[in-house]
């Protein structure tokens, strides 16, 4: 394995490699500081839309995929609060679609927070 590949506990995150192969390739480039192709940018956008997370948060998550989940707990809780507040604002403005997307992002962050507190790796 190359020195700068995303890992968990010293080995590749198998679920990421197997089920999200394209994300794995992009994560490797991000960790190594390599330039991303247009196709890579497309994958990041797709991941952002699928998770309900901002692109910057997806990038941060992929940069940190090799960290111990417990190290990320505070960040996940912070994301949960941010996305929940954004969902409430969107709902109040009548933008129910965006509110739903932000609520989904909040739920995902809360699940990742719970997993991080329990020390479980969770790749999404």
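Just so it is clear, none of the values below were taken in a lab; they were calculated from the coordinates. Only a predicted model underlies this, so the values are computations on that prediction, with no experimental measurement involved. Ideal geometry is used to build each Cβ from the backbone, glycine not excepted, and the neighbour counts take in all protein chains shown.
Distance distribution P(r), the stretch 11-124, all Cα-Cα pairs, bin width 10 angstrom from 0: 15, 43, 33, 10, 0 percent. Between residue 68 and residue 89, the modelled label-to-label distance comes to 3.5 nm, taking each label 7 Å out from Cα in the direction of the beta carbon. What's the long-distance tail for the stretch 26-70, i.e. % of Cα pairs beyond 13 Å? So the portion of pairs separated by more than 13 Å is 54 percent.
Averaged across orientations, what area in nm² does the convex hull of the alpha carbons in the stretch 68-118 project? Could the numbers behind the result be given before it?
Working: hull surface 11.4 nm².
Convex hull of Cα atoms, orientation-averaged projection: 2.8 nm².
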